[in-house]
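Colleague: This is the structure I have questions about; it appears just below.
What follows is calculated from the coordinates using simple rules that are stated; it is not laboratory data. Being a predicted model, the structure only gives us computed values, none of them experimental. Cβ atoms come from the backbone with ideal geometry, glycine included; neighbour counts cover every protein chain shown.
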Amino acid sequence: MQKKKILVLSDHPLTPSGVGTQTKYMIEALLKTGRYSFVCLGGAMKHQSYQPQKVEPYGDDWRIFPVDGYGNHEIIRSILQKERPDVLWFMTDPRFYTWLWEIENEIRACVPMVYYHVWDNFPAPHYNAEFYNSTDEVVCISKVTHDIVKEVSPDVSSRYLPHAVNSNVFYKYKTDELKQQVKDTRTKLTVESSRKFKNKEKTIFFWNNRNARRKQSGTLIWWFKSFLDYVGHDKAMLLMHTDPRDPHGQDLPHIIEHLGLDDGQVLISTNKVAPEDLANIYNAADFTINISDAEGFGLSTLESLSCGTPIIVNMTGGLQEQVTNGKDWFGIGIEPASKSIIGSLSVPYIYEDRIAKQDFINALSEAMYTSDRAYKKMSISGQMHVRENYNFDNYESEWVRIMDEIIEKHGSWENRKNYQTWHLLEVA
């Protein structure tokens, strides 16, 4: 039987971004069936070479073509004719794909378009309706996103499938060898990194995000300084895994030096690390923080929960469904103190959820003084929450089921179904 071919538009699937990682997981799940092959446009990064790549051990079944951005009209037209894929699958914010929907009538006449969609917040973006209505299947990464799509475009086929983490990589360390590794990491962070504030019992707060405006990286450092002034500079530390001088963010080293937090109170990890090394940091940390004012999902906090480390998050977007199931809490959720409507030419309106400084300090204080019993309960229940609702096996099996259904339901090329290339209009 001839394999079904999927054309993928996304971050380069071999990069460590959340979008790239989830794309890779989806591809590998379908490749395991032996019934699918992939042609990917690997975007959202600077390329040293634009030569096509074959991913081993899959060979011709998984090819990646490096592109600037996410592609353009002519690239799509060329690949459609040369590769004749059966489905076009694309992922991330719709603002990156307005150019793609401009030629949806050409694409959908041949193959169905499947969009793995993220949207951060209400009010429901009715200005996205033309995008949703020009897509065959919308798969939503959060409950917020799914509710939005159902409200804006109720006639469009949509379903909920959240991100997942690989529990074979991100898990709570239990062996003596791994526990010693965590202990060594904690010693390096709490004692060896400081001249004056040496304290093995420091509470370690971890932040793993891109240094970008909406992530509130500068606010985090500024407010953390106030927290330390309150509890003592030897009582806690903040480790940030990010690019300290990202062009879309702030000059974090300057802020740290300006605030006098350069004696181990705030450390920045800049090197790219393997997932296994990242899991070690999650295990070494006491809490993972994300106070972004807009967050579609937030993969780092899910990885943290999978490692048994509770989270402190703004109750916005996909973060709110991670920190609680509506009954139990797997960390501390901070309710936004303000919900301002902001916008731009491409996004006319959306809520921006900002937390208050004192609420942040109170959350960190609550975290620091959490009893061992309460902490253990959050740790264990958080791991269970991930296993039950965001487990890797379900993510893989659901993508296989969804893609099989789409292939059968919509067909492609000569067997294309459920799409009309013409419309009846009533002329007055």
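Colleague: May I ask you to work out the translational diffusion coefficient for region 176-389 at 37 °C, viscosity 0.692 mPa s, via Stokes-Einstein with Rh from the Kirkwood sum over Cα pairs, reported in whole µm²/s?
Modeller: 187 µm²/s
Colleague: Also: So for the chain: antiparallel DSSP bridges make up what percent, rounded to the nearest 5?
Modeller: Here the share of antiparallel DSSP bridges comes out near 15 percent.
Colleague: Could you tell me how far the Cα centroid of region 385-405 sits from the Cα centroid of region 1-41, in Å?
Modeller: Taking the Cα centre of region 385-405 as reference, the centre of region 1-41 is 15 Å away.
Colleague: Taking the Cα centre of the chain as origin, sum charge times position over the Cβ atoms of Lys and Arg (+1) and Asp and Glu (-1), and report the length of that vector in debye to the nearest 20.
Modeller: It works out to roughly 860 debye.
Colleague: Relative contact order, percent, of the chain when contacts are C-alpha pairs under 8 Å separated by at least 6 residues?
Modeller: In percent, rounded to a whole number, it is 15.
Colleague: Separate question: So if I restrict to the alpha-carbon atoms in the chain, what is the Rg, and what is Dmax, the biggest pairwise distance, in Å?
Modeller: Both quantities, over Cα of the chain: 22.8, 81 Å.
Colleague: Provide the gained length on full extension for the span residue 335 to residue 401, in nm with one decimal, where the gain is 0.36 nm per separating residue minus the Cα-Cα distance.
Modeller: Result: 20.1 nm gained on full extension.
Colleague: Here is a follow-up. So how far, in whole Å, is the C-alpha centre of region 244-297 from the one of region 173-225?
Modeller: 9 Å
Colleague: I've got another one for you. Please list, by residue number, every one of the trypsin sites (Lys or Arg not before Pro) in region 129-224 that is coil in DSSP and has at most 11 other beta-carbon atoms within 10 Å.
Modeller: Filter output for region 129-224: 174, 195, 196, 200.
Colleague: While we're looking at this one, here's another question. Taking the beta-carbon count within 10 Å as an exposure proxy, list 189, 259 from fewest neighbours to most.
Modeller: If I rank by nearby Cβ atoms, fewest first, I get 259, 189.
Colleague: By DSSP, what percent of the beta bridges with both residues in region 176-389 are antiparallel, rounded to the nearest 5?
Modeller: Roughly 25 percent of the beta bridges in region 176-389 run antiparallel, per DSSP.
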